[in-house]
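Colleague: Can you read through this structure? Questions will come right after.
What follows draws every value from the coordinates through simple rules; no lab data is involved. Predicted model only: the values in this text are computed from it and were never measured. Every residue, glycine as well, gets a Cβ built from its backbone with ideal geometry; the counts of neighbours run over all protein chains shown.
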Amino acid sequence: SLMFAEDALEIADLNVQTTETQVGRIRAFVEAGAAPESDLLDLQAQLASDQSSRISSEGEVALAKLQLAQTMRLSPTDAENLKIVRPNISSIGAMPALPAIDKILTTALTNFPEVKAGESRVRQQNINEDLAKTVGLPRLSTSWSYGSGFSGAAQEPVGDPTLELYTIGYTENSLEPVLTSALSYNEFRTRPFSDQISQNVNQSLFFSLSIPIFNGWSVRNGVRRSQVSIQQAKLQLEQVQQGLQQSVERAHRDARNAIETLAAAERSESAAKLAFDNAQLRFEQGASTQVEYTQARNRYDSARLTALRSKYDLVFRIAILDFYAGRGLRFDIF
């Protein structure tokens with residue numbers, strides 16, 4: 001990660017400064033005839049190696065920063081100005097106890113989207129079963145219609161009528177004509193639209209009753225299919241819950257292991273620092289060789305890097321637990 005690469009670069013810088021100090025000190029001893037020139041050559045070679053390590057560390061920092069910027073899809077300008085907020089990774093002694101796994105499980109099994117989706121599928125299948133059962137129930141339906149119409153053939157008389165007489169027959173004995181009268185119009189027009197709409201209104205009301213008799217098998221099979229779907233949805237939900245529980249338990253165990261690993265790494269770092277301080281003192285007093293001094297420093301560097309790696313691993317494990325517990329990203333871990 002970028003933070004680990006920056007810390008490794010800081011260690012490389014300190015090593016270069018320390019070796020430069022030792023080179024200056026041994027050079028003075030060589031010039032005074034108090035130390036062999038081979039010691040100076042060995043330290044100069046170590047200084048060149050430390051400077052090479054620092055250059056490599058600088059490249060690793062640049063590469064880690066580039067990879068982070070690419071992952072975040074930042075522009076080149078934003079990538080140059082990228083700065084990260086570093087979590088507090090001080091001593092393990094300030095590390096609080098991990099949250100109880102039961103609380104994390106309860107939160108995860110209640111709030112995780114995968115669980116909610118599984119519960120929603122179960123509810124949906126229960127609804128489908130109820131709908132399948134309704135297919136076998138009698139159905140009563142009703143409908144009502146309202147309508148009107150207009151026709152251009154609908155005519156009405158215009159003007160005053162005239163009375164006309166018509167012969168409709170004759171009497172049997174005297175053969176006298178039998179007359180009737182009727183009003184007659186000479187002019188007609190199409191009846192207005194509004195009049196026809198109001199006068200041609202028609203309404204109807206219908207009732208229908210359907211009683212299933214011969215489709216019992218299809219209804220029963222549909223209900224059984226719905227019940228199978230319910231069981232499948234429940235099994236899927238149980239699988240999701242079991243998988244989530246296993247993930248939480250594994251994450252909790254990994255966090256505990258990370259705490260124990262960090263504690264061991266810090267003890268190793270403290271012991272390596274004491275050994276290096278002693279080797280440095282003995283080297284400055286001429287009681288040990290440059291090879292012994294370099295070996296002690298390399299062991300101390302390795303212990304420091306291991307402790308740093310363990311700290312960042314613990315930060316990552318705590319972040320995973322926070323994710324399952326429904327908490328946001330935090331930077332004060334210890």
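Colleague: Can you give me the angle between helix 37-71 and the longest principal axis of the chain, using Cα atoms only, in degrees from 0 to 90, rounded to the nearest 10?
Modeller: With both axes taken from Cα atoms, the answer is about 0 degrees.
Colleague: Here's a follow-up. Tell me the Rg and the Dmax, in Å, that the Cα atoms of segment 171-259 produce.
Modeller: 42.3, 137
Colleague: So what are the three principal axis dimensions of segment 1-84 from its Cα atoms, in whole Å, longest to shortest?
Modeller: So the extents along the principal axes, rounded to whole Å, are 60, 19, 15.
Colleague: I want the antiparallel fraction of DSSP beta bridges within the chain, as a percent rounded to 5. Write down the numbers at each step before the final one.
Modeller: Numbers: 21 of 22 bridges.
For the chain, the DSSP antiparallel bridge percentage is about 95.
Colleague: Between residue 126 and residue 67, with labels modelled 7 Å along Cα→Cβ, what's the label distance in nm to one decimal, could you check?
Modeller: So the two model labels end up 4.8 nm from each other.
Colleague: To the nearest 10 degrees, how steeply does helix 2-31 sit against the main Cα axis of the chain, on a 0 to 90 scale?
Modeller: 10 degrees
Colleague: Give the total of Lys-Lys pairs in the chain with Cα-Cα distances below 23 Å; include a pair only if its members are 8 or more places apart or on different chains.
Modeller: Here the count comes out as 7.
Colleague: By how many nm would the segment from residue 285 to residue 302 grow when fully extended, if each residue of separation counts as 0.36 nm and the alpha-carbon distance is taken off?
Modeller: Full extension from residue 285 to residue 302 adds 3.6 nm.
Colleague: Label-point separation (nm) for residue 134 and residue 97, each offset 7 Å from Cα along Cα-to-Cβ?
Modeller: Output for this residue pair reads 5.4 nm.
Colleague: Under a plain spin-label model, where a point goes 7 Å from the Cα along Cα-to-Cβ, how far apart in nm are residue 220 and residue 180?
Modeller: My value for the distance between the label points is 7.1 nm.
Colleague: If you take the beta carbon distance between residue 247 and residue 74 as r and set R0 to 45 Å, what does 1/(1 + (r/R0)^6) give as a FRET efficiency, to the nearest 0.05?
Modeller: Efficiency computed from Cβ-Cβ geometry: 0.90.
Colleague: Any chance you could list P(r) for segment 140-215, counting all Cα-Cα pairs in 5 angstrom bins from zero, rounded to whole %?
Modeller: Answer for segment 140-215: a P(r) of 3, 11, 10, 9, 10, 9, 9, 8, 8, 7, 6, 4, 3, 3, 1, 0 percent.
Colleague: Shifting gears a bit: Take the Cα atoms of segment 12-54, find their three principal axes, and give me the spread along each one in whole Å, biggest first.
Modeller: Extents along the principal axes, in whole Å: 32, 14, 8.
Colleague: Between residue 228 and residue 153, what length in nm is gained on full extension when 0.36 nm per residue of separation is reduced by their alpha carbon distance?
Modeller: Taking residue 228 through residue 153 to full extension adds about 20.6 nm, to one decimal.
Colleague: After finding the eigenvalues of the alpha carbon gyration tensor for segment 112-260, what semi-axes result from the square roots of 5 times each, listed largest first in whole Å?
Modeller: Its equivalent ellipsoid spans semi-axes of 85, 24, 7 Å.
Colleague: Scattering from the C-alpha atoms of the chain alone, worked out with Debye: what is log10 I(q)/I(0) at q = 0.10 1/Å?
Modeller: Reported log10 I(q)/I(0), two decimals: -0.90.
Colleague: Quick check: residue separation of residue 85 and residue 32 times 0.36 nm, minus the Cα distance between them. What number comes out in nm?
Modeller: My answer for the length gained is 14.1 nm.
Colleague: Still on this structure, I have one more. What stretch of the chain, leaving out the sites themselves, is the longest with no trypsin sites (Lys or Arg not before Pro) in a DSSP loop having at most 11 other Cβ atoms within 10 Å?
Modeller: 84-334
Colleague: Quick check: the angle from helix 101-111's long axis to the longest principal axis of the chain, C-alpha only, nearest 10 degrees?
Modeller: 30 degrees
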